[in-house]
Amino acid sequence: MQVSPTLVAAREARLQVLEPPRRLAAAIEKLSEAARAIRRTAIAAVYHATSGHPGGALSSADLFACIYGDALRRGDDLNRDRFVLSKGHAAPALYATGAEFGLCSVKDALSLRKLGSRFQGHPHVLDLPWVETSTGSLGQGFSVAIGMALGLKMKKSPARVYTMLGDGELQEGEVWEGAMCAAHHKLDNLVAVIDYNKLQSDDFNANIMGLEPLGDKWRAFGWHVQEIDGHNIALILEALDHAATAGGKPHVIIAHTIKGRGVPYMENVPAWHGSVKMTPQQTEDALRALGVAEADLKNWIEGNV
């Protein structure tokens, strides 16, 4: 039986209405699983390296999943979007993100900090072609991201620059010099994402150098400001979408997160910031919490993934 063109058109119209929510639900599910995978690989990498920074890798995983899995237009051409990890010590999460989105293998990511590995404790631009710049010294990655955004703006390129900062990093004067510079040049192609987990190397931020009122500070420097739950995939996507469309100013997304997110014994515990050596039992407990099946734990511990 032949279906009338009128019925076909009506069905297509209904699908156009229904499809965006379906896509959003599917995207949330896909990116949530990507974030779990990033956390698993990052934890295993820190374990095999016998050193590293698990706390901030876990807190930033949802942000990495949404940036690389949805917002970032990747490619080799000059008009590609750029991502700069200014908090370079979160390299385990960056490498795990690369493994999740086809830029490297999980085996590569698990070579974190090994002698001769390209996947060192901080990202290096000459080792990995998908890393835009070397980072590690806090504040400098943000400055490089600003320079990239300014150069792209001068070239009238449609590319955007995303950069992720840690909250302890905001205690660096270089960050606020950069914030002033970006606003002066109206770099609306720049999006800064702050992993605001309230902890740094030695203690809570508030006990070392308080950052509040953080949103007001960025507004005073002339930035568009959004504050969100940094573990809510839908809100992260919405914030990134807004940052891609609102013009005239640079954008900052203050993402409120939990240090060590997903591993109960690490959450909100300063000792898990970094420079830690995880035991096999701690690693197994962490991987279980992140959804690894009992039958697969041995492979993760032995690095056979």
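The values are calculated or read from the model by the stated rules, or taken from the named source; none is laboratory data. Note that the structure is a prediction, hence the values are computed from the model and not measured. Quick reminder, even Gly has a Cβ in these numbers, built from the backbone with ideal geometry, and neighbours come from all protein chains shown. Ligands, DNA and RNA are excluded from the accessible area calculation, which covers all protein heavy atoms including side chains. Shrake-Rupley method; radii C 1.70, N 1.55, O 1.52, S 1.80 Å.
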(request) For the chain, report the accessible area per residue in Å² (1.4 Å probe, heavy atoms, rounded to an integer). (result) 45
(message) In Å, what Kirkwood hydrodynamic radius results for the chain from the alpha-carbon pair distances?
(response) 20.0
(request) Enter the accessible area of residue 119 (Å², nearest 10), with the probe set to 1.4 Å and all protein chains included. (result) 0
(message) Ordering 245, 163, 133 by accessible area with a probe of 1.4 Å, largest first, what comes out?
(response) 245, 133, 163
(request) List, in order, the whole-Hz ³J(HN,Hα) value for each residue of segment 284-289 obtained from phi through the Karplus relation with A = 6.51, B = -1.76, C = 1.60 and θ = phi - 60°; use x for Gly and Pro. (result) 4, 4, 5, 5, 4, 4
(message) Under a crude label model (7 Å from the Cα following the beta-carbon direction), how far is residue 245 from residue 294 in nanometres?
(response) 4.9
(request) Taking the Cβ of residue 230 as the centre, find all other residues whose Cβ is under 10 Å away and add up their charges (Lys, Arg: +1; Asp, Glu: -1). (result) -3
(message) With both bridge residues required to lie in the chain, what share of the DSSP beta bridges run antiparallel, to the nearest 5%?
(response) 5
(message) Through the Karplus equation 6.51 cos²θ - 1.76 cosθ + 1.60, θ set to phi - 60°, convert the phi angles of segment 109-114 into ³J(HN,Hα) values in whole Hz; use x for Gly and Pro.
(response) 4, 6, 8, 2, 6, 6
(message) Using the Karplus curve 6.51 cos²θ - 1.76 cosθ + 1.60 with θ = phi - 60°, what ³J(HN,Hα) values do you get for each residue of segment 121-138, in whole Hz, with x for Gly and Pro?
(response) x, 10, x, 10, 5, 7, 8, 10, x, 9, 9, 7, 7, 6, 9, x, 6, 4
(request) Name the long-range amide H neighbours of residue 134: under 5 Å, sequence gap of 5 or more, or other chain; modelled H, no Pro or chain starts. (result) 125
(message) Are there any chymotrypsin sites (Phe, Trp or Tyr not before Pro) in segment 223-275 that are in a DSSP loop and have at most 15 other Cβ atoms within 10 Å? List them by number.
(response) 265
(request) Would you mind putting 84-92, 71-79, 224-232, 274-282 in packing order, based on average other-beta-carbon counts within 10 Å, highest first? (result) 84-92, 224-232, 274-282, 71-79
(message) If I model a spin label at residue 70 and residue 180 as a point 7 Å from the Cα along the Cα→Cβ vector, what separation in nanometres do I get?
(response) 3.5
(request) Kindly give the semi-axes, whole Å and largest first, of the ellipsoid equivalent to segment 103-142, taking each as the square root of 5 times a Cα gyration tensor eigenvalue. (result) 19, 11, 8
(message) Given a 1.4 angstrom probe, I'd like the percentage of the accessible area of the chain that is carbon and sulfur, rounded to a whole number.
(response) 54
(message) Quick check on my link table: of 155/217; 107/259; 30/186; 114/198; 30/298, which ones sit more than 32 Å apart, alpha carbon to alpha carbon?
(response) 30/186
(request) For every other residue with a beta carbon closer than 14 angstrom to the beta carbon of residue 295, add +1 if it is Lys or Arg and -1 if Asp or Glu, then tell me the sum. (result) -2
